[in-house]
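The values are calculated or read from the model by the stated rules, or taken from the named source; none is laboratory data. This one's a predicted model, so the numbers in the text were calculated from it and none came from an experiment. Positions of Cβ are generated from backbone atoms using ideal geometry, with glycine treated the same way; all protein chains shown enter the neighbour counts.
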Amino acid sequence: MEKDLGKQIMEARESYRNGNTKPISWRRSQLQALKSFLLHYEVQIFRALNLDLGKHYVEAFRDEVGLLKKSVNLALENLNRWNASTKAKLPIIALLSYAELVPEPLGLILVISSWNFPLGLSLEPLIGAIAAGNAVVLKPSEMAPACSSLLANTLPKYLDNQAIKVIEGGPTVGQQLLQQKWDKIFFTGSPKVGRMIMSEAAKNLTPVTLELGGKCPAVLDSLSWSWDKEVAIKRIIGAKYGSCAGQACISIDYVLVEKSFSSTAVELMKAIIRTMYGDNPRESHSVARIVNKHHFLRLKNILTDQKVKDCIVYGGSMDEDSLYMEPTILVDPPLESAIMTEEIFGPLLPIITLDKIEDGIDFINSRPKPLAIYVFTKNEVLRKRIVSETSSGSVVFNDAIIQFAADTIPFGGIGESGMGKYHGKFSFDTFTHYKAVVRRSFLTDFWYRFPPWNNHKMEL
Ligand code: NAD
């Protein structure tokens, strides 16, 4: 296994060294091929996402296939522009000179991805890496086996299988891959494994992008108009339960509300859950399943703490055989319990009540920097304070999760939620080195450029 792994990596590296991946024509053909794969295999992709995660095909299209098609089209449209050199000004000391930034591929890239958006999180970085002219080894997550095998078995039929490899496996294969030398590692996963990746990468001074997780808060202000309340809560419920059943890095982890508004908010949440998933969500096709038994038991375990269980105001039912967990709401679980100290990554939604909504700023700042902060408010002062007084990968006002679909803004974390960014042109930049190229004329130099600097000149 290890020998084969080494051979595959060597092939990919050779392909890069031979210059195969650099021509724009190669990049264009690979992106076109990826587009064809998404088109031809759409139904199989939906099936695989349903098998691995119970995702409805509309959700699968919205969150993965549709976004990927958009990204691949964007890269194709902008390939020439992104790859063009840009001129730069030089200081006067470099008289009669010319400078430019020349985009250069990094080389051989390792992409290790996660299971919750197994297609999106594998192919989105791949699009950026190809557009930038790199060779790539992709290791999808073993926890979404149908998607991983679909990628491993079909991508080589579409893409240049010398330069782009899909290697299946779990942590052991991941560790073996990390022993190799890479020009960049792009990792999506937990902060725990992210730390390991970074320390292995440091041995070769390999740059890393770490797309990690954490607890993303939503601050729900006491909105006075019933329309605003309903829209806000619909968006909160949709973002929490309607995107892989809360198993998303940018899912809402918990909601902060003022005490006086909490019962109104909870009643509205219950009503909206019923509208979206019916009286018995277990029968709804729109509720994704927990990825596997390990994660099911992890979530179940959170609720076995009696002090936490007592806080359930809605839901709480589950079925281990079908890995179903009901959309669940809790009010004020103990702040030191696992539900409030660990990333939930599932359909449990704690509501934390505060005396004043502004206290939410200190609440957020006393915890690790999140990937996203969502704030539902019409209060301009609160809006400004959130932007200037908190730190997170992104801030979204009056919605959640939509930032992931935008290719004009960077996607990535800060601090514990990660480092580096991608999506759209940011993906291209993540896999590109902007080489500074300077050219001067032989004609002239300022007199003070070179010694000897004698006193006579000093006096002048
Ligand atoms: P994980 O860290 O367990 O695994 C991620 C990947 O790393 C998988 O491919 C896995 O096989 C591999 N891996 C695991 N152990 C390894 C090791 N010792 N050496 C090398 N590779 C190893 O995370 P997960 O369970 O797949 O995903 C859940 C986490 O990912 C959550 O924290 C979530 O917030 C985060 N996440 C972040 C984003 C983002 O874009 N920021 C997206 C999805 C998930």
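Taking the criterion of being within 28 Å of Tyr422 (Cα to Cα) and surrounded by 15 or more Cβ atoms within 10 Å (Cβ to Cβ), would at least one residue in the range 329-341 satisfy it? No, the range 329-341 has no match at all. Restricting attention to the range 184-224, the residues being more than 9 Å from the ligand (Cβ to nearest atom) and of a type in the set (Gly, Ala, Ser) number 6.
Scanning the range 326-339 for residues that are over 17 Å from Val266 (Cβ atoms) and within 24 Å of the chain's Cα centre (by Cα) yields one hit, Ala338.
Of the candidates Ile386, Ile344, Ile373, Ile401, the single residue that is within 23 Å of the chain's Cα centre (by Cα), crowded, with 21+ Cβ neighbours inside 10 Å and more than 24 Å from Gln247 (Cβ to Cβ) is Ile386.
Would you say Gly133 is closer than 28 Å to Ile250 by Cβ, outside any strand (DSSP E or B) and either within 10 Å of the ligand (Cβ to nearest atom) or not hydroxyl-bearing (Ser, Thr, Tyr) (or both)? When the stated conditions are applied, Gly133 does not pass them. Among the residues here, Leu443 qualifies as in contact (Cβ under 8 Å) with a residue 60 or more places away in the chain, hydrophobic (A, V, I, L, M, F, W, C) and exposed (fewer than 13 other Cβ atoms within 10 Å of the Cβ).
If the condition is being within 15 Å of the ligand (Cβ to nearest atom), charged (D, E, K, R) and surrounded by fewer than 18 Cβ atoms within 10 Å (Cβ to Cβ), then the range 136-169 contributes Glu142, Glu168. Listed here are the strands (runs of 3 or more DSSP E) enclosed by the range 26-116 that have at least 1 residues being among the small types (Gly, Ala, Ser), modelled with pLDDT of 95 or more and under 30 Å from Val438 (Cα atoms): 86-88, 97-105. Taken over the range 316-348, the criterion of being touching a Ser or Thr at 6+ places or on another chain (Cβ under 7 Å) and not small (Gly, Ala, Ser) is satisfied by Glu326, Val331, Asp332, Pro347, Leu348. Within the option set Asp183, Asp228, Asp221, being surrounded by fewer than 19 Cβ atoms within 10 Å (Cβ to Cβ) and acidic (Asp, Glu) holds for one residue only, Asp228.
Which of the numbered conditions does Val266 fail, given that it passes all the others? Conditions: (1) outside any helix (DSSP H, G or I); (2) in contact (Cβ under 8 Å) with a residue 60 or more places away in the chain; (3) surrounded by 15 or more Cβ atoms within 10 Å (Cβ to Cβ). In the conditions (1) outside any helix (DSSP H, G or I); (2) in contact (Cβ under 8 Å) with a residue 60 or more places away in the chain; (3) surrounded by 15 or more Cβ atoms within 10 Å (Cβ to Cβ), Val266 misses (1) alone.
Against the conditions (1) closer than 24 Å to Asn116 by Cβ; (2) at pLDDT below 95, Asp305 satisfies every one except (1).
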